[in-house]
Amino acid sequence: MFSQRIATLRPSPIREILSVIDRPGMVSFAGGLPAPEMLPPLTLSAAPTSLQYGPSEGDPELRAVVSEQLRALGIDAPTERVMILSGSQQGIDLVAKLFVDPGTPVAVESPTYLAALQVFRLYGADFTDLSWSAAPAAPLAYVVPTFANPTGRCATDHERDTLARACLDTGTTLFEDDPYRELAYGPCDRAPVTARMRGGSWVYQGSFSKTFAPGLRLGFLAASEDLFSRLVMLKQAVDLHSSTLSQQLVRSALTDPSWSSRLDGLASFYRKRRDAFDAALRRHLGGLAEWETPAGGLFFWLHLTRPVDTRALLATAIDRGVAFMPGEEFFPDNPELGTMRLNFSHADAEDAERGLRVLAQLLRETADAPAPPVTCIMQRTVQGERSRSWGDP
Ligand SMILES: Cc1ncc(COP(=O)(O)O)c(C=O)c1O
């Protein structure tokens, strides 16, 4: 009755457990959610055209502004090759549709963005390891070079150069996903890999979710000439075009003179939140875990000193009012045990303190007792809660 593609489709047990994170009193370090106080005030005065159908490629003025910003980064992205997306998650789906058949090799970092792995898996990708120093052994290489999700890592200038050269030499299509580049709190090489790809095949994408409002579901991509029109046709088949109303809101914000001060304000707000979280981590998890302070983005990536499977800890943590993302979920295969992704942007200082204290206590207890088998814990359901399907931003 159903397509072969969904034969391996399973609800993620993690998603099931995380479906309760909006329960009152819950501290969530799980999603990549912006701080509520950094969401823009919403003033709606929609022109009739904002309620009408629009072009598949997106609002011409918004595309022009994005094009200008991308060209300032050195990317060969004229307005005609910029497309507005319904969230950059859509870009991953379109690129996967364009390249991936069952068994197609896709080079990815390990770990990498969980929801990208889910999409590539759905189309049957066969993952190979992306190394920053060797040629990708795949027709498509997916990377998040700047403040990666989940690790927060920023690739060096040399690594970026090497990857671009390797893609050009081997004819690999580079797919650069860059939703966090504006959230920079310290020095780090951020010049896109794509800017070094003259002549090759590439897709570069970004998002308005972290800098403006994720609920508007808007992102953008630019692509090399050989790919762009195919991506537009694929988008037409999916949703005709992205919300005209959302595009109007983002266009007004982006063309407002206050946009660059909004970005500065975001960076300084999240820098303070990162530093406070770092200090709270040291207070509570020092000796229990190791981490590097991220130079940008929204996450801390922890290596536990005792490498238990953190998937087995999640249900108990949630029972005690704290949610986090088990790091094992971000590995294409062979998960590294004892890893955790903690979002620092959403919880305020008081909640972060409370949540980290609970996590530390839980880790101390598991240091004394063997962790329960993952399968048992993952089969638990959370009773009496509204079940909701969460993506993993
Ligand atoms: C690396 C990466 N790519 C894509 C997305 C999707 O973002 P959105 O669809 O909200 O633009 C996210 C969300 O957190 C992400 O971390």
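The values are calculated or read from the model by the stated rules, or taken from the named source; none is laboratory data. Small disclaimer: the values here were computed from a predicted structure and weren't measured. Note that each Cβ is placed from the backbone with ideal geometry, even for glycine, and that neighbours are counted across all protein chains shown. Heads up: the accessible areas ignore ligands, DNA and RNA and are worked out on the full protein's heavy atoms, side chains in. Shrake-Rupley method; radii C 1.70, N 1.55, O 1.52, S 1.80 Å.
Quick look at the numbers
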quantity	calculated
Residue in segment 156-172 that is closer than 27 Å to ARG274 by Cα, of a type in the set (Val, Ile, Thr) and open to solvent by less than 10 Å² (accessible area, probe 1.4 Å) present	no
In segment 144-159, the residues that are away from the ligand (no atom under 16 Å from the Cβ) and in a loop (DSSP other than H, G, I, E, B)	THR156
Conditions (1) at pLDDT 95 or above; (2) open to solvent by 10 Å² or more (accessible area, probe 1.4 Å); (3) outside any loop (DSSP other than H, G, I, E, B); number of the one not met by THR316	(1)
Per-region count, segment 192-223, residues over 14 Å from the mean Cα position of the chain (by Cα), of a type in the set (D, E, K, R) and modelled with pLDDT of 95 or more	1
Sole residue being without any contact (Cβ under 8 Å) to a residue 40 or more places away in the chain, closer than 30 Å to GLN247 by Cα and in the same structural domain as VAL250 (by TED's automatic domain parsing), chosen from VAL144, VAL95	VAL144
Count of segment 86-99 residues which are open to solvent by 10 Å² or more (accessible area, probe 1.4 Å) and either more than 15 Å from the ligand (Cβ to nearest atom) or of a type in the set (A, V, I, L, M) (or both)	3
Any pair with Cβ under 6 angstrom, 6 or more apart, that starts in segment 224-237 at a residue that is hydroxyl-bearing (Ser, Thr, Tyr) and ends at one that is open to solvent by less than 60 Å² (accessible area, probe 1.4 Å)	SER224/SER201; SER224/TRP202
Neighbours by Cβ (under 6 Å, 6+ apart or cross-chain): first from segment 175-200, closer than 23 Å to PRO393 by Cα; second open to solvent by 50 Å² or more (accessible area, probe 1.4 Å)	ARG181/ARG190; TYR185/ARG271; PRO192/LEU73
Test: residue in segment 106-126 that is at negative phi, within 11 Å of the ligand (Cβ to nearest atom) and aromatic (Phe, Trp, Tyr)	yes
Qualifying residue in segment 288-309 (condition: open to solvent by less than 50 Å² (accessible area, probe 1.4 Å) and part of a helix (DSSP H, G or I))	no
Segment 57-68: number of residues that are part of a helix (DSSP H, G or I), more than 16 Å from the ligand (Cβ to nearest atom) and either farther than 17 Å from ARG198 by Cα or not assigned by TED's automatic domain parsing to the domain that holds VAL238 (or both)	6
Residue in segment 6-42 that is farthest from the ligand (Cβ to nearest atom), counting only those that are polar (S, T, N, Q) and touching a helix residue (DSSP H, G or I) at 6+ places or on another chain (Cβ under 9 Å)	THR8
Flag if GLY54 is within 16 Å of the ligand (Cβ to nearest atom), in contact (Cβ under 8 Å) with a residue 60 or more places away in the chain and open to solvent by less than 40 Å² (accessible area, probe 1.4 Å)	no
In segment 174-201, the residues that are in a strand (DSSP E or B) and either within 14 Å of the ligand (Cβ to nearest atom) or surrounded by fewer than 24 Cβ atoms within 10 Å (Cβ to Cβ) (or both)	PHE175, GLU176, ASP177, ALA184
Test: residue in segment 202-213 that is farther than 18 Å from LEU62 by Cα and either open to solvent by less than 20 Å² (accessible area, probe 1.4 Å) or out of contact with any His (no Cβ under 9 Å at 6 or more places or on another chain) (or both)	yes
Some residue of segment 122-137 being under 30 Å from THR293 (Cα atoms), among the hydroxyl-bearing types (Ser, Thr, Tyr) and crowded, with 18+ Cβ neighbours inside 10 Å	no
Inter-residue pairs, beta-carbon under 7 Å, first closer than 17 Å to GLU328 by Cα and in segment 110-128, second open to solvent by 30 Å² or more (accessible area, probe 1.4 Å) and near the ligand (Cβ under 10 Å from one of its atoms), 6+ apart	ALA115/GLN89; ALA115/GLY391
Residues that are at pLDDT below 85 and either outside the structural domain of GLY265 (by TED's automatic domain parsing) or surrounded by 19 or more Cβ atoms within 10 Å (Cβ to Cβ) (or both), drawn from segment 22-43	LEU42, THR43
